[in-house]
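Okay, structure first, notes after.
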Amino acid sequence: MSELVVNNVSMIFDTPDGGTVEALRDLSFNLKQGELLSILGPSGCGKSTLLNIIAGFLAPTAGTVHMDSRELHGPGADRGMVFQQGALFEWLSVAENIGFGLTMQGRPKHEIRQTVNHLLETVGLRDFGNKAVYELSGGMQQRVALARCLANDPDIILMDEPLGALDALTREKMQGLVLKLWKETGKTIILITHSVEEALFLGEKLFVMAPRPGRIHKEYSLPFAEAGLTQDPREIRASTAFVEKREEILSMIWEMEEQIMGTAEV
Amino acid sequence: MTFIERLKERVGISASGLEKRKTVTFGDAAAVADGRFWSMMSVLTLAMAWYVGSALGWVNPIFWPSPASVWDQFISISGEGYRNFSLWEHVWASLYRILVGFSLGCLIGIPLGFAMGLSKVVRGCFDPIVEFFRPIPPLAFIPLVIIWSGIGERSKILLLFFAALWIMVIAARAGVGSVKLSKIHAAYSLGASKKQILWHVILPNSLPEIFTGMRVAMGVCWGTVVAAELVAAESGVGYMIMVASKFLSTDIVVLGVIIVGLIGYGIDILMRKLEAKLIPWKGKA
Ligand SMILES: Nc1ncnc2c1ncn2[C@@H]1O[C@H](COP(=O)(O)OP(=O)(O)O)[C@@H](O)[C@H]1O
Ligand SMILES: [Mg+2]
């Protein structure tokens, strides 16, 4: 059982013209083992920055990130990443991509093979192990990225718009897969998205972030992810509760966008 | 169907169905990519013109020999040799110099390029040097290498090393620069160490750039070695051409030029084949 604790994190970037951007101000939250958090917000509100800080690729200008009592500095295999696309290794086969982490850690070959075969099955790519990744469709590539991340058995999975480049239909299928993996593995997941529907459907918790400075504008606890495990996702999406939340959040984001446009014009 | 279309079908080089159905071809590179028919026609026409032209005595053989005399020279030189060396020894002398010089250039250039792509200090120190030497044509160093090590093997190899070095440095540096940050981040999050990231991510990721560099370097080396042999050497294809020209043996000169062209072309084809085999993912990332 591990808990992620983000404590008063701030991030200020220097810009090339000599100014500064306050990408995050005083952000705090906890995430218990097995929680599924989605983060939504207009572009430029610091979502990627937050994820990069948790992943350990950026050091915050103030504040700390802890995993249980251990303060995090730099990246580690305990936090897996899934990127939008283009982060697979084209020179390796699908199976070698999935086994990359274990290979780097020097695990025995038969163990790697076993894990890889199991994961190929889990993400629905059973017969694709020997394929080259560039032969796969975008959706299949993201399945490989998920499997590669899971192979390492991280405590937490960080996803930065993992389904953003997929077509609508593939995207819905992949959302189902994410839910399935969440249930089967019990991993903590943070998922960034710019789709309100996706955020509602794939978030037990949902943060709507606001820009300038980047901060958590509103927090929700949502029933839809849990329900999605048993019910038809299309029914959930069409339910009154879902539609109401969607409209509420959409108008919230529209308001933010208008404010951004307003300040930009000044 | 036009006569040309029928002819193309006869020799089995008809365009694919899609290309045939395209109504807009002007500006569509794919639609004009397949010009094999016209390649054959142009080569055939040139060969015919050469043959007919010399048979009718249009040009003085001192200026341009007949195909037959070039062929005769080819037979005689491959048998008896020219200036103490057989034709193949001349060819091999040139190729050998390239192979050694090029390999040395890769051996030093690739690690240096990597270091420049990975370390601010190395990059800072070597940037001015590389940027200075890069635009200097290798031939400009011929006088210098002759002063240093005469007209023997060493001076040629040094020259070719120099020719290949900067190209490979820049190719390797560009290769490191081309790696997507998300790949590096993914590798770190999968628990890879710096050394593992170098070997398993940065190196394979930079292979396409390195290979392109190698192809360019091979071409430059081939041109440089022939030119260097024209200036000063005791063997090699360039040397053969140079000596023959002093005796006005135009047929040998032309034979040499044809051999230079064919080998240069052959090297490029070989590199492309190798590239397709070793880096099948190139351009597909
Ligand atoms: N390396 C950087 N240097 C300067 N500014 C940056 C840098 N990275 C991000 N920013 C700025 O920080 C803000 C938040 O960026 P980001 O986290 O990428 O937003 P999001 O992912 O929500 O679209 C943006 O205004 C962006 O321009
Ligand atoms: Mg982002």
Here is a check on your reading of the model: is residue B:191 open to solvent by 40 Å² or more (accessible area, probe 1.4 Å) and either within 30 Å of residue A:102 (Cα to Cα) or within 14 Å of chain A (Cβ to nearest Cβ) (or both)? no
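Yes or no, residue by residue, for (1) buried (at least 21 other Cβ atoms within 10 Å of the Cβ); (2) part of a helix (DSSP H, G or I); (3) in contact with a Leu (Cβ under 6 Å, 6 or more places away or on another chain):
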site	(1), (2), (3)
B:115	no, yes, no
B:131	no, yes, no
B:136	no, no, no
B:144	no, yes, no
B:148	no, yes, no
B:151	no, no, no
B:161	yes, yes, yes
B:164	yes, yes, no
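Okay, residues lined up against (1) of a type in the set (A, V, I, L, M, F, W, C); (2) facing chain B (nearest Cβ under 8 Å); (3) closer than 30 Å to residue A:260 by Cβ; (4) within 16 Å of ligand 1 (Cβ to nearest atom):
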| position | (1), (2), (3), (4) |
| --- | --- |
| A:58 | yes, no, yes, yes |
| A:69 | no, no, no, no |
| A:72 | yes, no, no, no |
| A:108 | no, no, no, no |
| A:114 | no, no, no, no |
| A:126 | no, no, no, no |
| A:129 | no, no, no, no |
| A:142 | no, no, yes, no |
| A:150 | yes, no, no, no |
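Say whether the condition of being within 14 Å of chain A (Cβ to nearest Cβ), within 21 Å of the chain's Cα centre (by Cα), crowded, with 18+ Cβ neighbours inside 10 Å and not small (Gly, Ala, Ser) is met by at least one residue in the range B:271-281. Before the answer, list the steps.
Going residue by residue through the range B:271-281, those that are within 14 Å of chain A (Cβ to nearest Cβ) are B:275-281.
Restricting the remaining residues to those that are within 21 Å of the chain's Cα centre (by Cα) gives B:275-280.
Filter once more, so that each one left must be crowded, with 18+ Cβ neighbours inside 10 Å: B:279.
Applying the additional criterion that residues be not small (Gly, Ala, Ser) yields B:279.
Yes: one or more hits.
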Within the range B:70-113, which residues are open to solvent by 40 Å² or more (accessible area, probe 1.4 Å), of a type in the set (D, E, K, R) and assigned to a helix (DSSP H, G or I)? B:72, B:80, B:89
Within the range A:1-33, the count of residues that are within 22 Å of the chain's Cα centre (by Cα), acidic (Asp, Glu) and open to solvent by 80 Å² or more (accessible area, probe 1.4 Å) comes to 1
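Among the residues of the range A:158-197 satisfying the criterion of being among the hydrophobic types (A, V, I, L, M, F, W, C) and within 16 Å of ligand 1 (Cβ to nearest atom), which is farthest from residue A:145 (Cα to Cα)?
Of the residues in the range A:158-197, the ones among the hydrophobic types (A, V, I, L, M, F, W, C) are A:158-159, A:163, A:165-166, A:168-169, A:174, A:177-179, A:181-182, A:189-192, A:196.
In the following step, the residues that additionally are within 16 Å of ligand 1 (Cβ to nearest atom) were identified as A:158-159, A:163, A:165, A:190-192, A:196.
Details: A:158: 12, A:159: 10, A:163: 11, A:165: 14, A:190: 15, A:191: 14, A:192: 16, A:196: 23 Å.
That would be A:196.
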Say we look at the range A:190-215 and pick out the residues that are assigned to a strand (DSSP E or B), away from chain B (no Cβ under 14 Å) and buried (at least 19 other Cβ atoms within 10 Å of the Cβ); which of these is farthest from ligand 2 (Cβ to nearest atom)? A:206
In the range A:160-179, is there at least one residue being under 17 Å from residue A:100 (Cα atoms) and either away from ligand 2 (no atom under 16 Å from the Cβ) or touching a helix residue (DSSP H, G or I) at 6+ places or on another chain (Cβ under 6 Å) (or both)? no
Looking at this structure, is residue B:186 surrounded by 15 or more Cβ atoms within 10 Å (Cβ to Cβ), within 14 Å of chain A (Cβ to nearest Cβ) and either of a type in the set (D, E, K, R) or in contact with a His (Cβ under 8 Å, 6 or more places away or on another chain) (or both)? no
Here are some residues: B:260, B:225, B:253. Which one is buried (at least 17 other Cβ atoms within 10 Å of the Cβ), part of a helix (DSSP H, G or I), in contact with a helix residue (DSSP H, G or I) (Cβ under 8 Å, 6 or more places away or on another chain) and in contact (Cβ under 8 Å) with a residue 60 or more places away in the chain? B:225
Tell me, please, whether a residue that is under 29 Å from residue B:240 (Cα atoms) and polar (S, T, N, Q) can be found in the range B:55-64. yes
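The values are calculated or read from the model by the stated rules, or taken from the named source; none is laboratory data. Just so it is clear, the structure is predicted and the values come from calculations on it, not from any experiment. Note that each Cβ is placed from the backbone with ideal geometry, even for glycine, and that neighbours are counted across all protein chains shown. We work out accessible area using only protein heavy atoms, side chains counted, and drop any ligands, DNA or RNA first. Shrake-Rupley method; radii C 1.70, N 1.55, O 1.52, S 1.80 Å.
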